[in-house]
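The values are calculated or read from the model by the stated rules, or taken from the named source; none is laboratory data. Since we're looking at a predicted model, the values are computed, not measured. Note that each Cβ is placed from the backbone with ideal geometry, even for glycine, and that neighbours are counted across all protein chains shown. In case anyone asks, the SASA skips ligands and DNA or RNA and just uses the protein heavy atoms, side chains included. Shrake-Rupley method; radii C 1.70, N 1.55, O 1.52, S 1.80 Å.
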Amino acid sequence: MNRTSTLITAVCAAFSLIHPANAAEPTAPAKPNILFIITDDQGYGDWSVNGHPLLKTPNADKLAAESVRLENFYVSASCSPTRAALLTGMHEFRSGVTHTQHPRVSLPHDTTTLPELLITAGYRTGFVGKWHLGQPPSGHGFEWCSSNLGGPFEHFDPNMVRNGKKTKEIGYREDIYFNDAMNFITETKDKPWFMYLSTYSPHDPLKAPEEFVAPFRGKVTEEQAQYLGMVANLDYNIGRIMAFLKEKNLDENTIVVLISDNGQTYGLDVYNANMRGCKATVWEGGLRSFSYWRWTGHWPPHQVDNLSAHIDVLPTLCAAAGAKIPEALQPEIEGFNLLPVLESKDPIAWHDDRFLYHHVARWPGGMAADHKYAMAGARQGNYLLLRSRPCDNPGCEEANGQQCDTLRSVEAGSKRAGYTAENAQFHWGVTPPGRWALFEVKKDPGCMNDLAAAEPERVKAMGAAYDKWWDATYPVMVKRGGDAEIVWSKVQTDLINKKKAAKAAKAEQEKKADQ
């Protein structure tokens, strides 16, 4: 019997919840249901409520207006690390999830997760969409699972897999995801439920139904129009599922959370809410996410400026659901319970001295130590301490240190990099060698005014905190596989070799020109 089955058995024995059955509608249980929606590669500014000049997103805007809006909420620099952190309550380094490629993408099988804890409190758990954490979600506490075989490459008429059964569906992938989430909710009649709805949109490849793309054509590039169309479709589906909750009389007893997994991508050159940085950087725009938490009648809509993060999701939802975190697990949990700031409409003191630690982490296998200060940062209050630099190990480039390669190119003067055609010097900016840079991001979201020289004591204290964190976390990260060699697919390897060959040919041409 696996660990999840053991938990389920314990639940049946100790937490049996019985509610009157109703064939037509689910019955609202005493405990809150939880709908957790996480979008993929969507920037903080990609809702009209956050100032986007082209997007019209009335449904997300309405959700934001009815929610507690965590305005200083931070995630990791890329997909899998964020997902690992929010499902475990600990920094992704502690679970060894330091990349988006195998094996460093895999959540260890013995890791205790949020759905497993919710099961002990009587919840039925469901997963829909993108997983990106190795072993299937059914092995990590999700009792009902749905995804599509083609992942991000299968936009229309996907081949769905629901609880192991394959079916061909007609329609757009995200529409089907939201349908499946609603089906799970409808069939869950005798328990509170937790639905983890994880979209692929607007991750690349970029493609959306024409009705959502058409409004942006002629205003931006085709690539950007497709990206914005995917966001517009998400807004449409958010509207559908919120209307569904109301129709089923579940609206007031359901916690709804909406976040993204990292910073801006293909909308970077359109709008980034005045922030510097994008996905896979440690700049503000690479790490800040929108974060809306709605529980009608319990959490008054308001804005929270306290520093918060993905690692706070698990302890918060466990507290709201009455799920106890085992005493043996508590030392591993690094996040804090957000309920005090969610419940208080007025500003309150809440872990005001906390630190968050950031690292892009996509180093080649065996080179973690060389990247301690490469694309790394610490955050306290409104201050961001960072080093946006490539590592100093010359072997990194040969070993396919992609992120370091990008920063080396930018340092050499390139204006083009991931997600931007001409603004690499800004969004992938390289900080001076041998020292930290410091920014007050509330006043300076574009990170243009380096305060390091003016505030040496703050730099010293924050840098010391980062060093202490790294030294304590590094051995745990290595033990759990976070420094393992990446296993590239044949397609990826061929692309890497092609780029290396092109670079070598260019160097040879330049050498001949100099002779």
Please determine, by comparing only the residues of the stretch 341-372 that are farther than 19 Å from Leu86 by Cα, among the aliphatic types (A, V, I, L, M) and in contact with a Phe, Trp or Tyr (Cβ under 9 Å, 6 or more places away or on another chain), which one is surrounded by the most Cβ atoms within 10 Å (Cβ to Cβ). Ala368
Mind counting the residues in the stretch 373-400 that are surrounded by fewer than 21 Cβ atoms within 10 Å (Cβ to Cβ) and either acidic (Asp, Glu) or not in a loop (DSSP other than H, G, I, E, B) (or both)? 6
Where in the stretch 132-231 are there strands (runs of 3 or more DSSP E), lying wholly inside it, with at least 3 residues that are open to solvent by 50 Å² or more (accessible area, probe 1.4 Å) and either on the phi > 0 side of the Ramachandran plot or of a type in the set (Lys, Arg) (or both)? 165-168
Residues satisfying the stated conditions in the stretch 100-128, i.e. open to solvent by 10 Å² or more (accessible area, probe 1.4 Å) and closer than 17 Å to Pro364 by Cα: Thr100, Gln101, His102, Pro103, Val105, Ser106
Here are Leu287, Leu317, Leu338: which of them is buried (at least 21 other Cβ atoms within 10 Å of the Cβ), in contact (Cβ under 8 Å) with a residue 12 or more places away in the chain and closer than 30 Å to Gln425 by Cα? Leu287
Return the pair list, or none, for Cβ contacts closer than 6 Å from residues in the stretch 167-193 that are under 15 Å from Arg124 (Cβ atoms) to residues that are in a strand (DSSP E or B) and open to solvent by 10 Å² or more (accessible area, probe 1.4 Å), at least 6 apart or on different chains. Phe184/Trp144; Thr188/Arg124; Lys191/Arg124; Trp193/Arg124
Hits in the stretch 430-472 (condition: open to solvent by 50 Å² or more (accessible area, probe 1.4 Å), without any contact (Cβ under 8 Å) to a residue 40 or more places away in the chain and in a helix (DSSP H, G or I)): Pro456, Glu457, Lys460, Ala461, Ala464, Lys468, Asp471, Ala472
Checking the structure you have, find out if any residue of the stretch 84-94 is under 16 Å from the mean Cα position of the chain (by Cα), of a type in the set (Asp, Glu) and in a loop (DSSP other than H, G, I, E, B). no
Scan of the stretch 71-91 for residues that are open to solvent by less than 10 Å² (accessible area, probe 1.4 Å) and among the acidic types (Asp, Glu), ordered by number: none
Scope the stretch 249-262; condition open to solvent by less than 10 Å² (accessible area, probe 1.4 Å) and in a loop (DSSP other than H, G, I, E, B); matching residues: Leu250, Asp261, Asn262
Lone qualifier among Val49, Val68, Val97 - being open to solvent by less than 10 Å² (accessible area, probe 1.4 Å), farther than 13 Å from His132 by Cβ and modelled with pLDDT of 95 or more: Val68
Among the candidates His371, His427, residue that is in contact (Cβ under 8 Å) with a residue 12 or more places away in the chain, within 22 Å of Asp41 (Cα to Cα) and not hydrophobic (A, V, I, L, M, F, W, C): His427
Name the single residue, out of those in the stretch 401-429 being open to solvent by less than 20 Å² (accessible area, probe 1.4 Å) and polar (S, T, N, Q), that is modelled with the highest pLDDT. Thr420
